[in-house]
Amino acid sequence: MTIPPALTTRHLKEFLLAACFLQGLGAGLERLGSLDGVVPVISYLALLALLSGGLVASAYIRSAPLRWTTALLLSASAFFYYAYEKVTSDFLTYDAFINMLNAASFADDAVSQNLRAILIVGVSALILLAALGMESRHRPRVPAWLLAMAPWLAVCLLALVLFVRGGEGARAQPATFTPLAYLALAAYEATADSGPRHDVALPQHGAIPSRDIVLIIDESISGQYLDINDPAGVPTPLSKAYPGVAIHNYGLAVAINNCSAGSNVTLRFGGTRENYSHIISTMPSIWQYARKAGYRTVYIDAQRTGGAFQNLMNQDERRSIDEFLQFDGVPVQQRDIATAHSLVTHINDGIPQFILINKVGAHFPVHDKFPDAFMRYRPVLPRGHFPPLSDTGDRYGFDGSRQDWVRYRNSYRDTLLWNVGEFFRIVLQGADLAKATLIYTSDHGQNLHERGDGGRNTHCSIDPVPEEGVVPLVVLEGARVRTH
Ligand SMILES: [Zn+2]
């Protein structure tokens with residue numbers, strides 16, 4: 001088919017705009033299909049119409065410099081959104097956006113790991129930039145000020161919806177506005193909940209602590225995959241008996257969040273469903289409580305290196321941590337083992353300490369998280385491509401087919417043999433547990449698609465399956481330790 005040249009040049013802008021809208025058509029239809037009832041459908045369509053109007057209006061801003069500046073901001077926002085979606089095959093939620101802001105120090109890694117995906121979405125963003133920025137032959141009969149304001153009114157409207165709905169409501173809306181509205185909401189939350197963090201108000205009374213308290217937060221460990229909760233589970237030392245050691249298994253526990261950052265920050269600051277946001281931003285951290293009680297505070301982070309913070313930690317929180325330990329130069333596969341040895345040393349040193357640990361655990365990719373000698377469950381995912389990675393959202397090379405998930409679950413079990421089993425073997429063999437109480441749990445569970453459902457996601461989904469929230473909860477201590 002040949003398009004008459006007059007038509008293409010006269011309507012190129014409109015043609016490109018239509019192409020940009022068509023890109024979101026699939027997500028829109030899927031969204032409509034998922035909505036139950038008339039009110040949600042009408043609300044979704046009304047918001048979609050208003051936001052789409054804001055986007056189209058921005059393409060007809062009269063002043064060329066203003067139009068191009070607006071186009072640049074909107075297409076940069078869309079680029080960010082598309083890149084996230086392409087890399088994770090998931091919708092960019094508000095939580096995920098906040099996590100990415102806080103992981104900005106890893107932007108280099110993310111870009112280098114996902115270069116191909118980022119280049120592909122870069123083309124879409126450039127088409128949008130051209131569609132919005134290029135000169136139009138048409139002059140809609142709308143006041144110039146309204147055209148200039150429309151995209152920002154759209155951002156405000158979406159931010160308002162997000163605020164009212166606790167971060168929800170941007171799904172399948174124009175990608176251009178979502179990151180900008182998230183940013184507006186994040187800026188509001190940062191100012192609304194600012195102010196000095198409280199000191200610990202509880203008085204310190206009773207004896208000076210004589211042993212360590214250790215909170216081990218594993219990564220992506222599904223409670224039902226361990227032998228302590230299922231006879232067919234992966235064998236661990238936690239199901240065995242040791243002289244002088246009491247191991248209390250609390251069975252399957254529920255994580256407070258199905259994403260790392262949300263559950264970790266809530267474990268460090270406390271919080272309930274009703275007031276977690278306020279507590280996390282203004283109340284004392286677990287480190288402050290520990291110090292007030294007379295403990296030295298130790299943070300062992302096996303996941304990050306180079307002093308980088310994660311899980312919403314910041315410099316202010318860091319000031320309450322006496323020892324901040326990461327394993328720069330230790331291969332990812334060896335970091336939970338290094339953590340176990342470090343924990344043994346800390347427990348045995350006789351100094352009363354509160355120790356919080358973020359283990360490497362079993363986050364995607366699990367291909368190379370265990371040594372060959374621990375390849376008990378087979379067939380496994382292809383080995384050798386991911387050894388330097390602690391965790392990533394990139395699912396490159398993993399299609400999520402039924403056969404892929406069989407291999408994934410085997411690699412996952414082999415990872416548990418090593419990062420949970422071998423970890424506790426070293427701790428139970430080396431540490432004098434009369435000197436410590438250990439609480440073992442995970443940040444969240446995993447959807448390992450046992451029901452044969454497709455997709456590549458394991459956790460952090462906006463419509464989670466129960467498995468994403470199921471974690472182990474075990475307390476280990478000396479059998480003769482008396483707790484009051
Ligand atoms: Zn996690």
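So what is the relative contact order of the range 347-484, in percent, for Cα pairs below 8 Å that sit 6 or more residues apart? Numbers along the way, then the final one.
Working: 166 pairs, mean separation 36.3, N = 138.
RCO, the range 347-484: 26 percent.
In order along the range 471-480, phi translates into HN-Hα couplings of 10, x, 9, 9, 10, 10, 6, x, 4, 9 Hz, rounded to whole numbers, per the Karplus curve 6.51 cos²θ - 1.76 cosθ + 1.60 with θ = phi - 60° and x for Gly and Pro.
State the volume of the convex hull built on the alpha-carbon positions of the range 5-192, expressed per residue in Å³ and rounded to an integer.
Values: hull volume 26.6 nm³, N = 188.
Roughly 142 Å³ of hull volume per residue.
Here the simple spin-label model places points 7 Å from the Cα toward Cβ, and for ARG139 and LEU25 these points are separated by 3.3 nm. The mean sequence distance of close C-alpha pairs (under 8 Å, at least 6 residues apart), as a share of the length of the range 5-192, puts its relative contact order at 38 percent. Antiparallel versus total DSSP beta bridges in the chain: what percent is that, nearest 5? Here the antiparallel bridges make up roughly 35 percent for the chain. When peptides 297-308, 21-32 are sorted by average Cβ neighbour count within 10 Å, with the highest value leading, the order is 297-308, 21-32. Cross-link partners for LYS359 among the aspartates and glutamates, with Cα-Cα distance under 17 Å and sequence neighbours closer than 8 places in the same chain left out: ASP218, GLU219, ASP301, GLU323, ASP328, ASP336, ASP368, ASP391, ASP414, GLU422, ASP443. The alpha-carbon of LYS86 sits under 13 angstrom from the alpha-carbons of these aspartates and glutamates, leaving out residues fewer than 8 places away in its chain: ASP394. Cβ distances below 4.7 Å define possible disulfide partners, and in the chain the cysteines left without one are CYS20, CYS156. Take the Cα of ALA130, step 7 Å toward its Cβ, do the same at MET149, and the gap between the two points is 3.3 nm.
How would you classify the range 202-270 from its alpha-carbon gyration tensor, with a ≥ b ≥ c the square roots of the eigenvalues: rounded for a/c under 1.5, else prolate if a/b is greater than b/c, otherwise oblate? Oblate, because a/c is 1.5 or more while a/b does not exceed b/c. Using C-alpha pairs under 8 Å with a sequence gap of at least 6, the mean separation divided by the residue count of the chain gives a relative contact order of 20 percent. Ignoring lysines fewer than eight residues from LYS435 along the same chain, the ones with Cα atoms less than 21 angstrom from its Cα are LYS240, LYS292.
According to the square roots a ≥ b ≥ c of the eigenvalues of the Cα gyration tensor, what is the shape class of the range 14-54, taking rounded for a/c under 1.5, prolate for a/b larger than b/c otherwise, and oblate for the remainder? Oblate. Counting other Cβ atoms within 10 Å as a rough exposure proxy, the listed residues VAL470, VAL87, VAL200, VAL38 run VAL38, VAL200, VAL87, VAL470 from fewest neighbours to most. Paramagnetic label reach from VAL200 (point 7 Å along Cα→Cβ; backbone nitrogen cut-off under 18 Å): within the range 331-367, residues 351-357.
Could you line up LYS13, LYS292 from fewest to most neighbouring Cβ atoms inside 10 Å?
With the fewest neighbours first, LYS13, LYS292 line up as LYS292, LYS13.
Between SER63 and LYS292, how high is the FRET efficiency from 1/(1 + (r/R0)^6) when r is the Cβ-Cβ distance and R₀ = 41 Å? Nearest 0.05. Intermediate values should be presented prior to the final figure.
Numbers: r = 59 Å, r/R0 = 1.43.
The calculated FRET efficiency here is 0.10.
Sorting LYS369, LYS240 by the number of Cβ atoms found within 10 Å of their own Cβ, with the fewest placed first, yields LYS240, LYS369. Its residues counted as N, the chain yields a C-alpha radius of gyration over 2.2 N^0.38 Å of 1.11.
We did not get these values from a lab; they are worked out from the coordinates using the rules stated. Quick caveat: nothing in here was measured; it's all calculated off a predicted structure. Neighbour counts are summed over all protein chains in view; Cβ atoms, including those assigned to glycine, are modelled from backbone coordinates with ideal geometry.
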